[in-house]
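To keep things clear, I will list the structure first and then write my remarks on it.
The values are calculated or read from the model by the stated rules, or taken from the named source; none is laboratory data. Here the structure is a predicted model, which means the values were calculated and not measured. Neighbour counts are summed over all protein chains in view; Cβ atoms, including those assigned to glycine, are modelled from backbone coordinates with ideal geometry. Remember, those area values only see protein heavy atoms, side chains included, never the ligands or the DNA or RNA. Shrake-Rupley method; radii C 1.70, N 1.55, O 1.52, S 1.80 Å.
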Amino acid sequence: MNGILQILAFINDYSQKLIGKYFIVELNSLFNLLSKLTEYNTKYKSLEHKELLSEITKLENKFNFRYIRNKVAAHKDSNIDLKSYADMWNSINFSSLNEYWRVFVNHIDKILTKYYPIEKKLYFLIQRETIAGAIATEDKKDAYKPFYDILV
């Protein structure tokens, strides 16, 4: 998702807004996954998840992404007046997307460090390290179909 935010500067405004809608859908999915974690980690549920809910509530009051997700991003309602529609599109911008993204990045880093340090290292940190004598490869020829016929 961070890569999406980085490339948005290289496309036109309309495309940025469209991709921003899908970014909002993915943020919602990420929030749902973190909410599921409360079923397995009661300490997280009583501490960090409550903090996340508080931060997300503040962002929702400011940008209304949940409403945007439900009305124009994941679904497209036909009963939206033009002013509401314009307000939603105006809320989809780099600043608002980045503000949400930073909340999630900081939150996930915090809980991985506190509760899942081994997983943090294996899945996130080790990818940035060179392991002497080891080269990991994966044949993706048949497993992945790129958007264009070539993969850059």
Selection count where residues are more than 23 Å from residue 57 (Cα to Cα) and not in a helix (DSSP H, G or I), scope segment 1-32: 2
Pairs with Cβ under 7 Å, 6+ apart, first in segment 67-87 and closer than 23 Å to residue 57 by Cβ and among the β-branched types (Val, Ile, Thr), second at pLDDT 90 or above and surrounded by 14 or more Cβ atoms within 10 Å (Cβ to Cβ): 68/24; 68/88; 68/91; 68/92; 72/21; 72/88
Given (1) in contact with a Ser or Thr (Cβ under 7 Å, 6 or more places away or on another chain); (2) open to solvent by less than 50 Å² (accessible area, probe 1.4 Å); (3) not aromatic (Phe, Trp, Tyr), number of the condition residue 30 does not satisfy: (1)
Pair list, Cβ < 7 Å and 6+ apart or interchain, from segment 48-61 residues that are in contact (Cβ under 8 Å) with a residue 24 or more places away in the chain to residues that are charged (D, E, K, R) and part of a helix (DSSP H, G or I): 48/110; 59/99
The listed residue being of a type outside the set (Ser, Thr, Tyr) and under 17 Å from residue 98 (Cβ atoms), out of 36, 43, 50, 58: 58
Number of the condition not met by residue 105 [criteria: (1) in contact (Cβ under 8 Å) with a residue 60 or more places away in the chain; (2) closer than 26 Å to residue 7 by Cα; (3) open to solvent by less than 30 Å² (accessible area, probe 1.4 Å); (4) among the β-branched types (Val, Ile, Thr)]: (3)
Which numbered condition residue 63 misses (of (1) under 16 Å from the mean Cα position of the chain (by Cα); (2) open to solvent by 90 Å² or more (accessible area, probe 1.4 Å); (3) of a type in the set (A, V, I, L, M, F, W, C)): (2)
